[in-house]
Structures are given as structure tokens and as C-alpha cells.
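The values are calculated or read from the model by the stated rules, or taken from the named source; none is laboratory data. Keep in mind the model is a prediction, meaning the values are calculated, not measured. Neighbour counts run over all protein chains shown; Cβ positions are idealised from the backbone, glycine included. Heads up: the accessible areas ignore ligands, DNA and RNA and are worked out on the full protein's heavy atoms, side chains in. Shrake-Rupley method; radii C 1.70, N 1.55, O 1.52, S 1.80 Å.
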Amino acid sequence: MGKLKFNLFAILVSLFFSCKDTNTLETKKSLSKISTSETSLKKTTKTYLSAWSDNDTVLLKMITSNKLVRNVNGEILSANQSELFESMQFWHRAMPDFKMVDKEINIIGNRTYVNWIGTGTNTGMFGDIPPTGKIAHTVGMSILTFDDEAHIVHESVVFDNLGLLKEWGYSISSPIME
């Protein structure tokens, strides 16, 4: 009778731990998958900033969707990769040494939220604005949205364009009031 109770106890303990191990294993696999996904999105985000810094359209093409939409300060400036490349070229014409560095990257689902700082010397035309030769910094934030293949499909950007122009030496005049 004592041996029967012991065997029954051993079976119950074994069942308890085997069920617990299965749940733990599934949880570990799930967490590992999330961690791998987050690592991939963070790496792609850093690669995106690096491509902007290096004016590298080939690298951008590898990590973005052809139908990428880029919204800058509330306005859609790029509706595909070609327009994204043109936008990048615009910034590098104005500041050939333009660099972007991430300050913080947070990941939620299929999005990364990145605070960054951009720096460059204005030695080229900024649209119709002539170069000043001055160095400027701007802070900004990008929200990058990824598809299932970890390609960037959407970017929402906000940055301090006015602060950038002020550092280049431009100022705002008071409006003429009549």
C-alpha cells in the first residue's frame, strides 16, 4: 500500500512538472520569437538611419517597400522609393556631410519609435535657399512601420525645421501689419 501511494505521488509530481515545463517551453519560444523580431526591427531602424547618413539608395532599397509612404511634419513627401531617394538627395545636396544618429529606439508591435539627431554643414542649395556654410543640428522623431518581411512601409517624421534654419543664420521677420 505504501509503495502504491509513493508511485501515485511520483506520477502526479511527474505530470505536474511535465505540464509546467510545456507551458514554460511555449512561453520561452514565444518570448524568443518576440525578441528576435524586436532585434530585427531595431537593426533595420539603425540601418535606415545609416543609409540616410551615407546617402545610400541601394541600402534603402533593400530595407524599404517600393510603396513606402513618408510623411514629414504632417505632409506626404514621398509615396514610393523613388520619391524617398529624391528626398534623401535633396538633404545631401544642402548638407553633403549630413548624418543621422539615433538617441533612443522603442519597439511596439510592428513599429519602431526612434528619437534622432541630424547634423550637417550647409554647403549646398537647400531648395531655393543659398548655402551659409554653417553647421546645424536638428532633433526629430520617426515612427517606422514594418510589413511581415521587416521592410519599412511607412515613416512619419517630425523635426525642428525652423531651428535648423536659425542655426544656418536665417531669422524670421515680423509680419507687415497694415
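In segment 30-178, a dipole from Cβ-located charges (positive for Lys and Arg, negative for Asp and Glu) runs towards its positive end, and of Ala51, Trp168, Ser37 it is Ser37 whose Cα lies farthest in that direction. Placing +1 on the Cβ of every Lys and Arg and -1 on the Cβ of every Asp and Glu, with nothing else charged, gives segment 48-178 a dipole about its Cα centre of roughly 180 debye.
Given R₀ = 45 Å, FRET efficiency for Ile172-Val58 by Cβ-Cβ distance, to 0.05?
Working: r = 39 Å, r/R0 = 0.87.
Calculated value: 0.70.
The relative contact order of segment 58-178 comes to 24 percent, based on Cα pairs under 8 Å that sit 6 or more residues apart. Spacing of the modelled spin labels on Glu38 and Asn73, each 7 Å from Cα toward Cβ, amounts to 3.4 nm.
Given a 1.4 angstrom probe, what's the average accessible area per residue across segment 47-178, in square angstrom?
Values: 7240 Å² over 132 residues.
The answer is 55 Å² per residue.
For the pair segment 57-122 and segment 134-171, the centres of their Cα atoms are 7 angstrom apart. Ignoring aspartates and glutamates fewer than eight residues from Lys61 along the same chain, the ones with Cα atoms less than 14 angstrom from its Cα are Glu83, Glu86, Glu149.
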